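Asks: Starting off with a structure, shown below.
The values are calculated or read from the model by the stated rules, or taken from the named source; none is laboratory data. Note that the structure is a prediction, hence the values are computed from the model and not measured. Every residue, glycine as well, gets a Cβ built from its backbone with ideal geometry; the counts of neighbours run over all protein chains shown.
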Amino acid sequence: MRPFIIFVLIFVIVFGAISNFYMFQMITVPAMIGGLLLPWCGFMFGCFASIITRRTPPDVTAIAIETGIQNTGIAILVLKVIDFFYCQ
């Protein structure tokens, strides 16, 4: 089962990169930095907000991870908006 999982993982990464290559060509440095920093800012904001509200350490970890992971959707939305407005 493990070789199949590795094959599928490589296939998805390669096929996804090839099919979305145009996105890599039109992305700017500020958009790249913003997309990379947005989830990390979410992790930090979730961590600090849960520490301020005096949550237990496992809750702090869970809240930070949930907030950071949900911010990846915002980064994807930013890329889609760039795609919509600049590829017309």
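Asks: Is it true that residue 43 is aromatic (Phe, Trp, Tyr) and free of Cβ contacts under 8 Å to residues at least 12 places away in the same chain?
Replies: Numbers: aromatic (Phe, Trp, Tyr): yes; free of Cβ contacts under 8 Å to residues at least 12 places away in the same chain: no.
The answer is no for residue 43.
Asks: Regarding the stretch 50-63, can at least one residue be identified that is of a type in the set (D, E, K, R) and on the phi > 0 side of the Ramachandran plot? Lay out the reasoning, then the answer.
Replies: So the first thing to find is which residues in the stretch 50-63 are of a type in the set (D, E, K, R), and the list is 54-55, 59.
Filter once more, keeping what is on the phi > 0 side of the Ramachandran plot: 54.
Taking every residue of the stretch 50-63 in turn, at least one turns out to be of a type in the set (D, E, K, R) and on the phi > 0 side of the Ramachandran plot.
Per-residue answers, yes or no, for (1) in a helix (DSSP H, G or I); (2) touching a Leu at 6+ places or on another chain (Cβ under 8 Å); (3) surrounded by 13 or more Cβ atoms within 10 Å (Cβ to Cβ); (4) at pLDDT 90 or above:
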position: 17; (1), (2), (3), (4): yes, no, no, no
position: 39; (1), (2), (3), (4): yes, no, yes, no
position: 65; (1), (2), (3), (4): yes, no, yes, yes
position: 71; (1), (2), (3), (4): yes, yes, yes, no
position: 80; (1), (2), (3), (4): yes, no, no, no
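Asks: Just a yes or no: is a residue in the stretch 43-54 surrounded by 11 or more Cβ atoms within 10 Å (Cβ to Cβ), in a helix (DSSP H, G or I) and either modelled with pLDDT under 85 or within 15 Å of the chain's Cα centre (by Cα) (or both)?
Replies: Taking the stretch 43-54 first, the residues surrounded by 11 or more Cβ atoms within 10 Å (Cβ to Cβ) are 43-51.
Pick out the ones that are also in a helix (DSSP H, G or I) and you get 43-51.
Now narrow it down to the ones that are either modelled with pLDDT under 85 or within 15 Å of the chain's Cα centre (by Cα) (or both): 43-44.
Scanning the stretch 43-54 turns up at least one residue that is surrounded by 11 or more Cβ atoms within 10 Å (Cβ to Cβ), in a helix (DSSP H, G or I) and either modelled with pLDDT under 85 or within 15 Å of the chain's Cα centre (by Cα) (or both).
Asks: Something else now. Search the stretch 19-37 for residues being among the hydrophobic types (A, V, I, L, M, F, W, C) and touching a residue at least 40 places away in the same chain (Cβ under 8 Å), and hand back the single one that is surrounded by the fewest Cβ atoms within 10 Å (Cβ to Cβ). Outline the logic, then answer.
Replies: Restricting attention to the stretch 19-37, the residues satisfying the condition of being among the hydrophobic types (A, V, I, L, M, F, W, C) are 21, 23-24, 26-27, 29, 31-33, 36-37.
Checking the rest, the ones that are also touching a residue at least 40 places away in the same chain (Cβ under 8 Å) come to 23, 26-27, 31.
On the way: 23: 14, 26: 12, 27: 15, 31: 15.
Looking at the filtered set, the residue picked out is 26.
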